[in-house]
Amino acid sequence: MDYLFQNATVLTMCDERPVLQNGFVGVTGGKIVFVGEAAPQEPATRTLNCEGKFLLPGLVNAHAHTAMCVMRGYADDYTLQTWLYEKVFPVEARLDEQAIVAGAQLGFAEMLRTGTTSASDMYFREPAVAALALECGMRVSLSNAVLALDPASYDPEKDRAIAETRALIRDFHGAGNGRIRADAAIHAEYTSNSPVWRYVTDLALAHGLVMHVHVSETKREHEECLARRGVTPTRALYDAGVFEARVLAAHGVWLTEEDMELFAQSHASVAHCPVSNLKLGSGIARVAEMKRLGVNVALGTDGCCSNNTHNLFEEIKLAALLQKGVSGDPTCLSAYDALKMATVGGAKAQGRENEIGKIQEGFDADLILIDTNTPTLRPVYDPISTTVYSASGEDVCLTMVQGKILYENGQFTTIDVEKAIYEVEQYAVPLVRGCATKD
Ligand SMILES: [Zn+2]
């Protein structure tokens, strides 16, 4: 076999046996080929001694706008309306492909550094981001969100988002042994209308794509939809047939119980983004209620301009704490439930539940190691509790995607991080500041 992780505390995320003490995990040809408590017969090309380390499935970031890390810290402490319309949209109009690829490269490096191996990324110029992800080894589900701010004049055949989605499907869907996927995406209920939703849904259904969409992020969005259409954003999208595709909805902060039931019935997923929702003052999604009603919940960071990191460990801990604090019931969402949202739940949201999210034979070898040989993580009574409540992305010492080590002990194997930072600062930051123009 290619790699053998030996004597690891293995957090399998399989309900039958979530933790293996002194476990052995073998990897060959990008797949997990052995999981057990005794060494396999077959020798390995490289054996990693994992004493004092936790081996986990790589984390899944189910809602990101990765290239927005060029705006990290650029527009903090604004209301969502001001933030979006006065700060973000004008900058995004200035960002070109070079800036977006530079931002995505830095964002992928940050994700790999902090244990995320798979991301659902909704942004622009995604074919170029797909080429980058293919090269640097990251697992991604990419979408170009459709906006139709002037529905009367909207023509899907002239929309760059549709053209880029088609290019993604043609050139990258399934590339890298399934590592790269195209998703369909509608930006949100309030930025388009039902003929557009139908068009994008048909595209998703024709190619078996996940449908990524922002839903009920703010109270204002939710109430304006009720005033405009007489129904919630979820109901409006549902009635237009959007949920015929496999929906991955970001936020869901203001979902009603009926909305949640529609999600559960449709096997749709919510990407809970607690840091972004708190920072923009959007509210706290009722995750414990969603889970009680059978909705699959994943975790996302959202864009780095409303977070301001891609460190999913923050979302995991906060997701658990918020539900306890809001409900007054510390038992309503356990550490294990929170960690499942970042692994199994994320995999399901991406339509990859038979591919990633667990340490199980036959699954792709997307793995991370957490080094507990540090004062902040000892002693360990319960490895799941330690991971959720004490660990941080900085404790990740190795990240592997599809059997390839992409980060280990401070070194990236496929990304030149100094160059990535240089390109962002020299090229993208002047565009963000508005003191340079694109060609
Ligand atoms: Zn978003």
* Asked: So which of GLU157, GLU86, GLU97 ends up being at pLDDT 95 or above, over 17 Å from the mean Cα position of the chain (by Cα) and away from the ligand (no atom under 16 Å from the Cβ)?
  -> GLU97
* Which numbered condition trips up LEU142, out of (1) at pLDDT below 95; (2) not in a helix (DSSP H, G or I)? -> (1)
* Asked: Are any residues in region 51-73 assigned to a loop (DSSP other than H, G, I, E, B), farther than 15 Å from ILE405 by Cα and away from the ligand (no atom under 16 Å from the Cβ), and if so, which ones?
  -> GLU51, GLY52, GLY73
* To do: Would you please name the residue that is nearest to the ligand (Cβ to nearest atom), looking only at residues in region 291-302 that are under 18 Å from GLN350 (Cα atoms) and out of contact with any His (no Cβ under 8 Å at 6 or more places or on another chain)?
  => VAL295
* Asked: Within region 175-190, is there a residue that is in the same structural domain as GLU92 (by TED's automatic domain parsing), part of a helix (DSSP H, G or I) and aromatic (Phe, Trp, Tyr)?
  -> yes
* Between residues in region 345-374 that are without any contact (Cβ under 8 Å) to a residue 60 or more places away in the chain and residues that are of a type outside the set (Phe, Trp, Tyr) and buried (at least 18 other Cβ atoms within 10 Å of the Cβ), which pairs lie under 8 Å by C-beta distance while being six or more apart or on different chains? -> GLU353/VAL344; GLU353/ALA347; THR374/ASP395
* **Criterion (among the hydrophobic types (A, V, I, L, M, F, W, C), within 13 Å of the ligand (Cβ to nearest atom) and in a helix (DSSP H, G or I)) met by exactly one of VAL275, VAL270, VAL253, VAL326** => VAL275
* State all residues of region 115-141 that are more than 14 Å from the ligand (Cβ to nearest atom), within 17 Å of THR301 (Cβ to Cβ) and among the hydrophobic types (A, V, I, L, M, F, W, C); if no residue qualifies, say none. => VAL129, ALA133, MET138, VAL140
* Asked: Could you give every pair whose Cβ atoms fall below 9 Å, whose first residue belongs to region 245-257 and is in the same structural domain as LEU203 (by TED's automatic domain parsing) and touching a residue at least 24 places away in the same chain (Cβ under 8 Å), and whose second residue is of a type in the set (Phe, Trp, Tyr) and within 16 Å of the ligand (Cβ to nearest atom), counting only separations of at least 6 or pairs across chains?
  -> none
* Is it the case that some residue within region 220-240 is surrounded by 24 or more Cβ atoms within 10 Å (Cβ to Cβ) and within 25 Å of LEU134 (Cα to Cα)? -> no
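The values are calculated or read from the model by the stated rules, or taken from the named source; none is laboratory data. Remember, predicted model here, so these are calculated numbers, not experimental data. Cβ atoms come from the backbone with ideal geometry, glycine included; neighbour counts cover every protein chain shown.
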